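This report concerns only the one structure given below.
A short reminder: the numbers here are calculations on the coordinates, not readings from a lab. All of these numbers come straight from a predicted model, not from anything done at the bench. Note that we place each Cβ from the backbone using ideal geometry, even for glycine, and neighbour counts take in every protein chain shown.
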Amino acid sequence: MKVLSIVFCFLFFHYVSAQLKASQYSQIDQIMEKLYADGDIHGGILIAEGKQIIYEKAFGMADRNLEIPNTTNTSFVINSMGKMFTAILTLQLVEEGLIRLDDPITKHLPWFKHPKAKDITVHQLLSHRSGLKGYFDEQIDGRLEFFLPQREVLDRMAQLELNFEPNTGYDYSNTGYLLLGELIMKYRQVDYYEVQQQRIFKPLGMVNTYNSISVYGPGAPVYYLSDGSAATPFPHGNYRGDGGAKSTLHDLHTFMLALGSEQLLKPESWKLMFTEYSFPEEAKRPFGAHFYPYGYGCGFFELPFSRGKKAIAIGHAGAGYGSSNLMIKFQDHDRIIILWNNEYLNPMPMALFEALAQL
């Protein structure tokens, strides 16, 4: 019994010592100030151990011309972090028996006329295994116009060959998540953004999370390109399913606390969401999201956690026109990290995780 008590005490104190404490604020602040000085962050960050917020601060300017600083209450575009919402809303449909994960998308979206649509399943859309080309990649490369209506984008994507046969590879596809958005709207009979409000934001009390057409607005920052110029406002509200809502550090902290809880999904659904389905060795091209395994709407990041030890964090990164962001929760720990930039920077600054792991 004495040996067991010693082992228990060791494990308990080791776990506690791995947690950050509010008393370490100044140490964390030194880390963050250096990251800002080195040009690795330009926006806001929140670090928490469960409900307890250990550190939050904003860096840089929301508007350089008007000399308005970023704040911890600034509303920012969350980009692809919104794929976590889409995955949850899709799994809610599964729970209600309205769809099955192995259903071909032709069963629910017969208007999507891709020749291989009958071979693509809901599961493959969620886990980026469909082989569908990404519409944003086509736009960036000049093969597809910007600002087309969502249905027209999908009709155009249905005319392109797959990158690979369904379920034979891993390729991050925003097109697949637009189709999930269409699936959600079909069965909820309201706009995707209203479904988010009804089934995620309002139940959790995320009162500062919303959708709007323009990037800019009250409490929102200007987004800056690498040359220092302001990004042209982009109508993020055009598309439903692949991301683009606006939120705050505190609202996303609330959301991350709800991961795994029955506020949003049943335990068996969380287990499905938090299973690794797609792996880096299956990736068909070099891309940031492909460096880590992927589940349903979330990645699994092996990151420095404590004194030379690594741990798995679940969450999602995002990037857009002059912006980048990240929200993660370590799988077997309470630590939550949420950050955003109103410049395009690496959303996963390894120097941050390495420095925090040394505290």
- [ ] With everything on Cα atoms, drop me the angle between helix 83-95 and the longest principal axis of the chain, reported from 0 to 90° to the nearest 10.
- [x] 70 degrees
Task: Selection of GluC sites (Glu not before Pro), segment 262-319, meeting DSSP coil and at most 15 other Cβ within 10 Å - done: Glu262, Glu276
TODO: Name the shape class, rounded, prolate or oblate, that the alpha-carbon gyration tensor gives for segment 6-134, where a ≥ b ≥ c are the square roots of its eigenvalues, rounded holds for a/c under 1.5, and otherwise prolate holds if a/b is larger than b/c and oblate otherwise.
DONE: oblate
Open item on the list: What does the extension gain come out to for Lys118 and Phe287, with contour length at 0.36 nm per residue minus their alpha carbon separation?
Closed with: 58.1 nm
TODO: Would you work out which of Leu303, Gln159, Met273 lies farthest towards the positive end of the dipole of the chain, given +1 charges on the beta-carbon of Lys and Arg and -1 on that of Asp and Glu, about the Cα centre?
DONE: Met273
- [ ] Taking the Cβ of Arg188 as the centre, find all other residues whose Cβ is under 12 Å away and add up their charges (Lys, Arg: +1; Asp, Glu: -1).
- [x] -1
TODO: With everything on Cα atoms, drop me the angle between helix 249-258 and the longest principal axis of the chain, reported from 0 to 90° to the nearest 10.
DONE: 80 degrees
Task: Geometric extent, Cα atoms of the chain - Rg, Dmax (angstrom) - done: 20.6, 70
Open item on the list: Please list, by residue number, every one of the chymotrypsin sites (Phe, Trp or Tyr not before Pro) in segment 79-170 that is coil in DSSP and has at most 13 other beta-carbon atoms within 10 Å.
Closed with: Trp111, Phe146, Phe147
Task: Distance in nm between pseudo-label sites at Lys186 and Phe146 (7 Å out along the Cβ direction from Cα) - done: 3.1 nm
Task: Fewest-first sequence of Leu339, Leu352 by Cβ atoms within 10 Å of each Cβ - done: Leu352, Leu339
Open item on the list: Run the numbers for Phe274 and Ser26: contour at 0.36 nm per residue of separation, minus the present Cα-Cα distance, in nm.
Closed with: 85.9 nm
Task: In segment 29-134, the trypsin sites (Lys or Arg not before Pro) that fall in loop regions by DSSP, at most 11 other Cβ within 10 Å - done: Lys51
Open item on the list: I want the antiparallel fraction of DSSP beta bridges within the chain, as a percent rounded to 5.
Closed with: 95 percent
- [ ] Over segment 21-357, calculate the relative contact order: mean separation of alpha carbon pairs under 8 Å at least 6 apart, over the residue count, as a percent.
- [x] 24 percent
Open item on the list: Rg and Dmax in Å for segment 106-160, alpha carbons only: what are they?
Closed with: 11.5, 32
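For a quick protection proxy, order the peptides 41-48, 202-209 by their average other-Cβ count within 10 Å, most packed first.
41-48, 202-209
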TODO: Determine the shape class of segment 193-318: with a ≥ b ≥ c the square roots of the Cα gyration tensor eigenvalues, call it rounded for a/c under 1.5, and otherwise prolate if a/b is greater than b/c, oblate otherwise.
DONE: oblate
Open item on the list: Compute the helix-to-body angle for 174-188: its Cα long axis versus the longest principal axis of the chain, expressed 0 to 90° and rounded to tens.
Closed with: 80 degrees
